1. Restricting attention to helices (runs of 4 or more DSSP H) lying wholly within the range 92-175, give those where 1 or more residues are within 19 Å of the chain's Cα centre (by Cα) and either of a type outside the set (F, W, Y) or not assigned by TED's automatic domain parsing to the domain that holds Y75 (or both).
2. Suppose we filter the range 352-389 for residues that are surrounded by fewer than 16 Cβ atoms within 10 Å (Cβ to Cβ), of a type in the set (S, T, Y) and more than 26 Å from G263 (Cβ to Cβ); how many remain?
3. Taking the stated definitions as given, is R401 within 25 Å of K535 (Cβ to Cβ) and crowded, with 19+ Cβ neighbours inside 10 Å?
4. Could you tell me which of the residues A209, A249, A234, A238 is in contact with an Asp or Glu (Cβ under 9 Å, 6 or more places away or on another chain), modelled with pLDDT of 95 or more, at negative phi and small (G, A, S)?
5. When you look at L403, is it closer than 15 Å to F274 by Cα and aliphatic (A, V, I, L, M), yes or no?
6. What number of residues within the range 160-191 satisfy the criterion of being closer than 18 Å to A74 by Cα and among the hydrophobic types (A, V, I, L, M, F, W, C)?
7. Take residues that are at negative phi and in contact (Cβ under 8 Å) with a residue 40 or more places away in the chain and tell me which of the strands (runs of 3 or more DSSP E) falling wholly in the range 11-91 contain 3 or more.
8. Check L338, L344 and return the single one that is outside the structural domain of G408 (by TED's automatic domain parsing) and closer than 17 Å to P223 by Cα.
Amino acid sequence: MTILEHEGLDGATRRRAPTYQVLVEDIKALGVEQVFGLMSDDTAVFATALDSSGVRFYGARHENNAIAMAEGFAYATDGLGIAVIGRGPATANGLHAATYASRTGSRVLIIYGEAAVPTGAANSLGPDYKGFNATGVLSAAGIRTFVATSAVAARGALADAAAAALQGGVAALLLPVDVQLAEMDLGEGAFAAAPKRALRPPTPPRSQAIEAAIGLLRQSRKPLILAGQGAYRARARAALEQLAERTGALLATSARGKDLFRGHPCNLGIIGSFSHSAARRLVAEADCVLVFGASLNLLTMSFGHSLPKAPLIQVDASRGNIGRWHAADVAVVGDARLAAEALLEALPAGSNAERPFRSEETRRFLGDFDIARDFQPANTTRTVDPRALGVALDKLLPPRRNLVYDAGNFLGIVPYLSVPDPGHFKMTSDFASIGLGFGAALGVARARPDETTVLVIGDGGFLMTMGELETAVREDLPLVIVLMNDCAYGAELHFLKMRDLPVAKSVFPDVDYAPIAEAFGFQAATIRTLDDLHKAAPMLARPDGPVFLDCKLNAAVAAPFMSEFHEFETRKH
């Protein structure tokens, strides 16, 4: 840091430095080693100072992707992700990803450039073409916003914004250009000491709630335990498996809790829109459902049809999540693991003598079930069935992998690709949009360089973010891209088909993207058949540098949730 010394009026030596350099040191004091961004004229000096100080600046090609990178990094580390972008048009460009990040709950701080603080002069040199009410727009989007109104206030604003982000969700810090460049005494302003995250002890459930839940469980012959991401974060797997053994329950998860019970003989996989036929058949027989840390949203509920009309016990650490999307008969507010342990303690061994879900017939049915035989492959001479592609990729990709999904009809592949646990599975549909997966995957890849990160993305979302091919190579971020290329906006294609409407505007030419990826420095292959995929097996088994697969899909295959959504919309009207 460049420090200037001068003598004050009182004869004492003052140590001064540009505000941007002081803020860089405060960011380093937060333990931050990397930031993501796209520099603008109003943040270029700040971004360069960060990188020169040892806080690595990873530059994206679009503001949305820069913010998504910070969110993906925060998700993968459970730490603070920082994005630095410009003001005005840059802020507007990044609003999509900022809104998405705020809905994920990841700890993200977005630092924006901002116009100079008004001086009150009567005239200026001309219109501010970048003029934009960032405070108003970001606040309207639900993003907590802090403004550094002066050099003296800048350090405190940074500390407050970082502390807010570390509580979960997005915080924005606006840094006016003149504030960044102004010199300040090093003794001025509040020190941005690393805020301590309040590690609240897990909340135990109330005994009355456990008693009410036990009352339902004692009457159940075929209970089902459904766990979500909240159960994974509470480290509840072992307790839930013991509870299932005690009660004779089957185990299942929401999409975001994917593969929590992987390998367990009574695991049904995902419940809802991503269920396989064996899960749907057995879930329909359940006479009591225990939900741990899952929100029961429209995909988990298959738009209202996935769970039987049976008593439902919902356990969640947040009272507001219980009954939010689906009615609960018994509410248990508390940590998922502690609640499962309390239920175990209240249920003596052998308390459920009748255990039809643990019969030899049920175990044999689940043991013999093979998801690869759960559909009739619809491969053609020039395209592959996305489900068959998923089954094959599951065997070819390194087992220790992170899967990051963009959004679209291709999400039908989700049940066929496994992960080590829910912490290695990320969907980016929190804003119900496409185009955020690429940035998030780059952030995850940076956070976990020793694991293979796989981005599964449709051609629509890819074309929105294709410029980040260059980012992956330039910044040396290990990534395998599986392009699910149906030459269409797949969801819209099936949306129109189901309404007997013309589909021409949702269909696009068959462009081969593999040579384009190769030009950026990827190993690439075009996949039109499963034989093509197996030829690419060596580059997938141990990816050496970025890998790109342009997988040509049979666009006629619709994800199950498309028909569910159509039925739901028809029912509404």
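The values are calculated or read from the model by the stated rules, or taken from the named source; none is laboratory data. Please read these numbers as outputs of a predicted model, since none were measured by experiment. All Cβ positions, even for glycine, are placed from backbone atoms using ideal geometry, and neighbour counts span all protein chains on display.
1. Passing ranges, in order: 95-104, 151-166.
2. Residues meeting the conditions: 2.
3. yes
4. Among A209, A249, A234, A238, only A234 is in contact with an Asp or Glu (Cβ under 9 Å, 6 or more places away or on another chain), modelled with pLDDT of 95 or more, at negative phi and small (G, A, S).
5. In short, no.
6. Going through the range 160-191 one residue at a time, the tally reaches 10.
7. Details: elements: 13-18, 34-37, 56-59, 81-85.
Ranges flagged: 13-18, 34-37, 81-85.
8. Checking each option against the conditions leaves just L344.
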